[in-house]
Every structure is written in C-alpha cells, then in structure tokens.
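Single-structure report; data block below.
Every number here is computed from the coordinates shown, using simple stated rules; none is lab data. Keep in mind that what you see is a predicted model, and the values were worked out from it rather than measured. Because the Cβ atoms are built from the backbone with ideal geometry, glycine has one as well, and the counts that use them run over all protein chains shown.
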2 protein chains.
Amino acid sequence: MSGPALPPGGFEVRGQELMAGGRSVTELAGQAGTPLFIYDGALIARRVSDLRAAMPAGLGLHYAIKANPLPSVVAHLAALVDGLDVASSGELERALATGMAPGRISFAGPGKTDAELRAAALAGITVNLESAGEMRRLAAISAALGIRARVAVRVNPLFELRQSGMRMGGGPRQFGVDEEMVPALLDELAGLSLEFLGFHIFAGSQVLNGEVLIDCLGKTVDLAIRLAADAPAPVRYVNLGGGFGIPYFPGDVALDIGRVGQALAPLLDRARAACPDASFAIELGRYLVGEAGLYVSRVVDRKVSRGKTFLVTDGGLHHHLALSGNFGQVIRKNYPVAIAGRMGVAATETADIVGCLCTPLDRLGDNVALPETAIGDLVVVFQSGAYGASASPSGFLGHAPAAELLV
Amino acid sequence: MSGPALPPGGFEVRGQELMAGGRSVTELAGQAGTPLFIYDGALIARRVSDLRAAMPAGLGLHYAIKANPLPSVVAHLAALVDGLDVASSGELERALATGMAPGRISFAGPGKTDAELRAAALAGITVNLESAGEMRRLAAISAALGIRARVAVRVNPLFELRQSGMRMGGGPRQFGVDEEMVPALLDELAGLSLEFLGFHIFAGSQVLNGEVLIDCLGKTVDLAIRLAADAPAPVRYVNLGGGFGIPYFPGDVALDIGRVGQALAPLLDRARAACPDASFAIELGRYLVGEAGLYVSRVVDRKVSRGKTFLVTDGGLHHHLALSGNFGQVIRKNYPVAIAGRMGVAATETADIVGCLCTPLDRLGDNVALPETAIGDLVVVFQSGAYGASASPSGFLGHAPAAELLV
C-alpha cells in the first residue's frame with residue numbers, strides 16, 4: 001500500500017504530507033528525531049466517543065494500560081474512560097499517577113507477587129483473583145494489614161473466544177479460576193478478609209468478527225448471571241472482557257461496533273435484571289490506541305541485492321517486535337506502510353523494508369509497493385499505537401530506544 | 001528433563017543443589033532476588049580455552065557482543081578473545097570501555113547512521129561495509145575528518161549456510177555486498193579516503209552439524225582467496241564468520257568442534273598461502289556465552305486447571321523472549337529446565353511452567369517432567385546465556401527487569 005486516499009486509522013493528509021495532531025509527520029520527525037512513535041490524542045478521543053455512541057448507555061469502558069503504557073497516553077485516556085486495568089505494580093503506579101480513583105482501577109495477571117498484592121491492597125484497587133492460592137495469599141496480607149482487600153474473581157470460562165488472536169479462556173489456562181471451580185472458591189472467599197465485588201471474564205483478544213464477539217458476550221453474560229447465584233454478596237461489578245480487534249493486514253475488515261452495541265443492549269438488560277447492584281464494563285486496550293499510532297523511521301541505506309531492492313531504515317524490531325512478525329504470529333504479514341511526504345503518489349517500485357539490526361528477523365515490510373524512495377525519506381507504519389515500544393526488546397543490539405510523542 | 005546427573009553447560013551439582021561459580025544457585029537467588037540471569041565466568045573461560053585447543057593455531061577468536069552485552073561479561077571476554085564485534089554505537093562504547101585496542105574491534109550491521117560511521121571512524125575501529133552507499137558515506141565522513149577509516153567489505157556470498165538457525169548469506173540480502181559486485185566495489189574503494197583491510201564473510205548462525213559448517217568454511221576460504229585477487233591492497237584481515245551452534249532442544253547434539261578444527265587447519269593453510277599478510281578470525285557470540293548462562297525465576301503460584309498443573313513464576317518472556325518461542329522460532333520447543341534445589345530428584349509430575357505476564361504467549365516450559373514443585377521453588381532454565389535479557393521486551397507490562405550476575 002502506498003499513500004491511499006484515506007490512510008488507515010483516520011489520519012489526515014494535506015497535499016502529499018501525512019498529518020498527525022494537525023502537524024506534518026515530516027516536521028514532527030525532524031524535531032523529535034527518528035525512530036519515533038507518534039500517537040494522535042484526537043484520534044484516541046474520537047475512538048472513545050465513537051465507541052460510547054455505539055455501546056449501550058451506562059456500559060463502563062476500561063483501558064488496559066498494557067496496550068500502551070506511555071504516561072501521557074495513560075493520562076489522556078484516564079480522562080476519557082471509566083477505569084484502568086493494570087497487569088503489574090509498575091502499571092499500577094502509572095494508573096494511580098493519573099489521579100484515577102483507586103476504586104476504578106483493577107489488577108489482573110497470573111503470578112502476582114506478595115509485594116504486588118500488598119501494594120494493591122494498600123492502594124484500595126480491585127484485585128482480579130487468578131487462583132485459590134492467590135486468594136489465600138491476598139487474604140493473609142489483608143488480614144495482617146487489618147483491611148479487606150477489594151477483589152473480583154477472574155473466571156476461566158468453559159467456552160472459547162473463537163477466531164481470537166490470543167485465547168485467554170477455555171480449556172486449561174494459567175488465567176483465572178475455572179468456572180466450574182468458582183462456586184467452591186466463593187464459599188471459601190466469604191470467610192476471608194476480602195471484599196467481594198464481582199467477576200472478570202476475559203476470553204481473548206483481537207477479534208474482528210462481530211458475530212463471534214456477540215456470541216462470546218452472550219455467553220459471558222450468561223456465565224456472570226449463573227455465578228452471581230453463588231456469590232457471597234450482591235455482585236457490584238462485572239468486567240465483561242474485551243477482544244475488540246483492529247484491522248492490521250490486507251483483507252482485514254474493521255469490526256462493526258454498531259452491530260456489537262446493538263446486540264449487547266438486550267444482553268446487558270438481562271444482566272442488569274439479574275444483578276441490579278452491578279455495574280458492567282468492557283475492557284479494551286489495543287482497540288482504543290492501536291489505530292491512533294504511527295511508527296516512523298528514516299531510510300538510511302538503499303541497496304539492490306540480486307534484483308531485490310532493500311530500504312534499510314534506522315528503525316527495527318527492537319522498537320516494534322510485532323511488526324517483524326515475532327510476537328505471537330506464525331506467519332509474518334505486512335502492516336500498512338507509506339512514505340510520510342509522498343502520500344497518494346503512485347507506487348513505482350517494490351522494495352523490502354528492513355531495520356538496522358544485524359539479524360534477518362528485522363523485517364518491517366516485505367515486497368511493499370512504494371513510490372520511489374530515497375535515503376532520508378520517512379517510512380511510516382500505521383496501526384502502531386498498541387504493543388509497540390513497550391512490547392519490544394529495546395535494548396537489543398545496543399541501539400537507542402524510539403522516541404514517543406503524543407500529539 | 002529434571003535434574004539430570006550432568007546438567008547442560010557444565011554446571012556443577014552438589015547434593016541436590018545446582019551450583020554456579022562455586023556457589024549455590026538457591027543462595028545466589030536469595031541474595032540477588034529473582035528473576036535473575038546468572039552467567040558463570042569460569043564456564044565461559046573454559047569454553048574459550050576448549051575452542052582454542054580445537055581450532056588451528058593462530059586462528060583469531062572474536063566475540064560478537066550482541067549475544068550478551070552485559071558489561072561484566074564483555075569485559076571478561078575481552079581478556080580472553082582477540083577481538084570484539086559490535087553492531088551499534090551503543091555496543092561500540094561497551095567494547096571500547098573494556099580497553100580492547102580499537103584495531104581489534106569491528107562494526108557490522110545494515111543501516112549504520114552517519115553518526116555511527118563518524119564515531120567508528122574517529123575511534124579507529126574497522127567498519128564492515130554493508131553496501132556501496134555505506135562505503136561512500138563513510139568515505140565522505142573520513143575525508144571531512146582528514147582520516148582514512150579502516151574498512152573491511154562484508155560479503156554476501158552466493159552460497160548459503162544450510163541448516164542454520166538464521167541465514168545471513170545467499171540470495172538477496174540486506175547484509176553485505178553481493179560477492180559478484182565486490183570486484184567493482186573494490187575498484188571504487190581504491191580511490192576513496194578509506195584504508196582497506198579485508199573481508200567479512202558471514203553466512204549464518206546456530207549450526208550444530210559439523211559437516212555443514214566445514215563445507216561453509218571451505219567455501220568461505222575459497223571466496224576470500226578469489227576476492228583477494230581484486231583487492232586494492234594486500235588483504236590483512238579476513239573474518240570467516242561463525243555459525244557455531246549450541247544444543248537447546250531435545251535431540252540436539254553438541255557441535256563436534258574437534259572435527260571442525262581439524263578440517264579447518266588445511267583450509268587455513270591454503271588461505272594463508274594465498275594471503276600471506278592476512279590474519280584470520282572466526283566470530284562467535286552465542287557459542288561462547290550461551291551455555292554458561294542460567295535464567296532463574298521463583299514459583300509464585302501453583303494451580304490446576306482442568307487437569308493440567310501450572311507453575312506460575314515471577315519470570316517471563318519480558319526477560320527471555322526466545323524461551324517463549326517468540327524470537328525467530330516457528331514452533332516453540334522446551335529449553336532444558338530443572339528445579340535449583342532438587343537436582344537429580346526423580347520426576348513425579350508434569351507441569352506447564354508459565355511466567356507472570358497476562359498473555360498466553362508467556363510460556364517457559366510445556367509439559368515439563370519435574371519433581372514435585374512448590375511455591376517458592378526456583379525454576380532454572382539452562383542455555384540462557386545468549387540472547388536473553390538484552391533480546392527481550394523488558395518493559396512489557398511494566399514489570400522490573402531481571403537482575404544479571406556474572407559469578
């Protein structure tokens with residue numbers, strides 16, 4: 001893809017120039033240096049408001065910090081969403097730093113250490129319990145502190161989220177408590193120094209098929225209603241999970257959130273009737289920030305080897321591992337790519353775009369159709385706002401980390 | 001694998017306790033905390049001396065810093081080897097910090113920036129030229145500085161290194177100059193402000209089959225001899241590459257370096273006859289440090305989900321991406337694993353070992369046979385001295401980086 005009339009993610013084009021936050025990407029890269037991630041705050045805000053408009057009224061929206069933990073991005077989102085979800089004490093600190101009320105922060109993840117559980121209990125956030133063992137450790141820590149830590153039970157459902165990029169439920173899992181074990185766990189929980197809030201049911205991520213997502217949300221609501229019957233107290237909170245995907249690759253079609261929202265409305269009515277004290281939320285990471293981010297690197301060398309043209313940039317998999325096809329993918333596929341200052345210019349050549357690392361894994365684009373591209377030009381990779389800088393081996397080969405800019 | 005009589009890499013066992021550098025791993029982990037990489041300096045030194053004994057006399061041995069750039073490891077190796085190879089200006093600084101003579105340091109990698117070329121030229125190290133464009137940029141920088149930067153031509157051979165984990169030669173590549181283009185490049189080089197030293201021919205990495213390696217070394221020597229005929233000055237340096245692999249997975253058999261050394265001797269004689277002014281070296285990274293490293297994490301949770309036992313540790317792919325199967329591998333295979341304080345104890349259970357990250361990618365061992373393992377026990381992953389801490393997304397999910405210790 002080279003300079004489509006409408007670039008992915010809603011970025012604007014002026015003349016041949018790609019814009020982000022009302023400024024030219026060429027200018028931003030000139031000022032901040034390359035390689036560079038640019039996140040467009042207005043696009044993030046628009047994504048949140050589009051989502052709110054599509055979802056049933058009163059459905060809470062949480063941001064899973066893991067998708068993009070840049071402090072400025074987290075602060076921007078904290079003002080737009082109803083809660084933050086964290087996966088470590090490092091992320092917990094970032095969440096608290098935004099001023100988000102602790103009661104609106106939850107902490108999920110297997111392998112929480114005693115230190116992390118203690119920090120969570122003291123901060124007054126909600127701990128999503130991943131196992132009976134974790135529940136007992138947290139209860140002991142709470143009792144020793146003389147408090148009752150706020151908890152939700154993370155449930156590993158029997159059903160799977162089909163077509164998901166990452167399955168996190170169904171079958172044996174390290175995540176959550178098997179749904180069939182939850183009633184016994186709730187019995188035990190009732191006698192512990194813990195404040196029971198509700199359930200966290202998260203089956204997987206990166207789904208583009210609305211029907212699959214609707215099917216999963218329906219099963220999730222049914223499961224929450226069934227489990228609520230065994231709860232030691234009225235359910236006050238249900239995290240329905242997320243799984244909303246974004247299109248990365250040729251042929252991917254964007255999720256129809258209007259359809260998901262319409263289907264979710266009656267499900268939510270049913271859930272509210274069964275759990276009248278509960279608030280319901282979905283938890284999204286990638287969906288909120290993924291399309292609002294660009295990865296920009298500069299062409300350092302251009303060479304032809306045995307008939308194939310290589311553009312070598314100053315970027316690489318040390319900044320954007322998923323782009324190289326090495327983060328959960330079996331087969332590498334191209335992200336959408338363009339040249340920042342040559343949007344809409346017809347493609348006249350085909351090139352492999354590689355990074356500066358001394359490894360054949362460092363591929364940014366294979367056989368990409370581009371306008372003629374010279375040393376100094378800026379290669380832009382779209383759909384790079386999630387799981388980029390923070391999910392890449394930034395120290396690999398001793399190169400500098402990428403700059404990150406919220407505009 | 002659980003506590004074999006002879007653990008991989010030459011680590012010692014005392015009673016049921018795994019030792020590193022003469023100290024118990026349990027004690028080291030207690031002092032330094034987990035997760036932790038431990039590198040055994042004596043094992044690294046033994047690896048170098050075994051290799052020297054096996055290789056023909058006078059063959060230079062270089063360490064490729066990228067395999068493990070921990071400053072203490074680089075300093076340790078700098079005293080044992082004849083040269084250091086770097087892949088960025090960050091690694092260049094680490095190499096110079098050891099006191100290694102600049103004339104014994106070389107810099108390879110596509111996408112070297114002007115700033116990196118300038119730093120290399122000023123430091124007096126050897127730049128392995130990856131393209132005609134890079135040669136011209138370095139020549140211009142050298143001329144502006146009034147010096148002649150030391151260069152070798154990195155050659156992309158026509159032959160491939162079969163069975164290599166990472167192919168870096170043969171076919172179209174971003175690495176080096178296609179061998180058929182080298183004579184013309186040397187013609188041009190003769191008129192530039194550059195000091196020609198020789199060639200760097202690197203076809204790939206991680207080969208366990210000695211015959212394949214010998215075949216490749218033979219072709220490499222032949223190619224160097226052919227190219228020397230076109231050199232603008234007597235060849236003074238040939239880097240024959242590396243590619244020596246280490247066994248990671250069940251069924252892998254260690255490389256027979258005795259056999260490789262014997263076969264290399266006559267090849268080297270021939271090369272020396274053709275290039276009497278040249279020194280010859282091999283460049284190794286993983287082979288020198290990979291087996292001397294352990295990755296140690298502590299069991300935080302133990303749970304059974306639908307019949308499968310999970311051991312959840314405080315480690316994960318944020319420290320050891322390759323272990324999770326997400327760094328160039330198509331299929332995840334288990335590294336050798338043991339429990340630090342229970343070496344030699346018979347396996348009585350089978351468990352999945354996972355890290356603390358909230359992603360299904362975070363797998364440290366699948367269906368591993370172990371002695372019964374409890375919360376607090378130390379899971380040791382062998383063969384973890386190369387491409388571990390530095391090649392992993394340490395910031396992912398906001399957890400702390402692993403400690404690293406040379407003992």
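On a per residue basis, the convex hull of the C-alpha atoms belonging to region A:101-284 measures out at 114 Å³. Over all projection directions, the Cα-based convex hull of chain B averages an area of 19.5 nm². Taking the empirical scaling 2.2 N^0.38 Å for compact globular proteins as reference, region A:272-392 has a Cα radius of gyration ratio of 1.33. With a 10 Å cut-off around each Cβ of B:356-366, the average count of Cβ atoms from other chains is 6.
Taking one quarter of the surface of the C-alpha convex hull of region B:206-247 gives a mean projected area of 3.1 nm².
With the biggest extent put first, the Cα atoms of the protein assembly as shown measure 88, 73, 36 Å across the principal axes. When restricted to Cα atoms, region A:22-87 yields an Rg and a Dmax of 14.3, 43 Å, respectively.
Shape analysis of region A:43-168 based on the Cα gyration tensor places the equivalent ellipsoid semi-axes at 26, 19, 13 Å, largest first.
For peptide B:174-181, the mean count of partner chain Cβ atoms within 10 Å of a residue's Cβ comes to 5.
A cut-off of 5 Å between modelled amide H atoms, ignoring neighbours fewer than 5 places along the same chain, links A:Glu160 with no other residue. The HN-Hα couplings worked out from phi for region A:377-387 by the Karplus form 6.51 cos²θ - 1.76 cosθ + 1.60 (θ = phi - 60°) are 5, 9, 8, 10, 10, 7, 6, 10, x, 10, 6 Hz, whole numbers, x standing for Gly and Pro. Counting only DSSP H runs of at least 4 residues, each contributing -39500 (n - 2.57), and dividing by the residue count of chain B, the helix-based mean residue ellipticity at 222 nm comes to -8500 deg cm²/dmol. Legend: P(r) of region A:255-331 from all alpha carbon pair distances, 10 Å bins from 0, whole percents, reading 13, 25, 23, 16, 13, 7, 3. With 20 Å as the limit, the listed pairs A:Lys333/B:Lys333; B:Lys66/B:Lys112; A:Lys303/A:Lys333; A:Lys112/B:Lys66; A:Lys219/B:Lys308 have A:Lys333/B:Lys333; A:Lys303/A:Lys333; A:Lys112/B:Lys66; A:Lys219/B:Lys308 beyond it between alpha carbons.
Multiplying each eigenvalue of the alpha-carbon gyration tensor of region A:331-407 by 5 and taking the square root yields semi-axes of 23, 16, 13 Å, largest first, rounded to whole angstroms.
If you restrict to DSSP beta bridges whose two residues both lie in region A:101-284, what percentage is antiparallel, to the nearest 5? DSSP beta bridges in region A:101-284 are roughly 10 percent antiparallel. One decimal, nm, shortest first: give the distances between the label point of B:Ala54 and those of the same position in the other copies, each label point 7 Å from Cα along Cα→Cβ. Output for B:Ala54: 5.8 nm, nearest copy listed first.
For peptide B:132-139, the mean count of partner chain Cβ atoms within 10 Å of a residue's Cβ comes to 2. In region A:123-188, the convex hull through the Cα atoms has an average projected area of 5.2 nm², a quarter of its surface area. With a cut-off of 13 Å between beta carbons, the residues surrounding B:Ile225 carry a summed charge of 0, where Lys and Arg count +1 and Asp and Glu -1.
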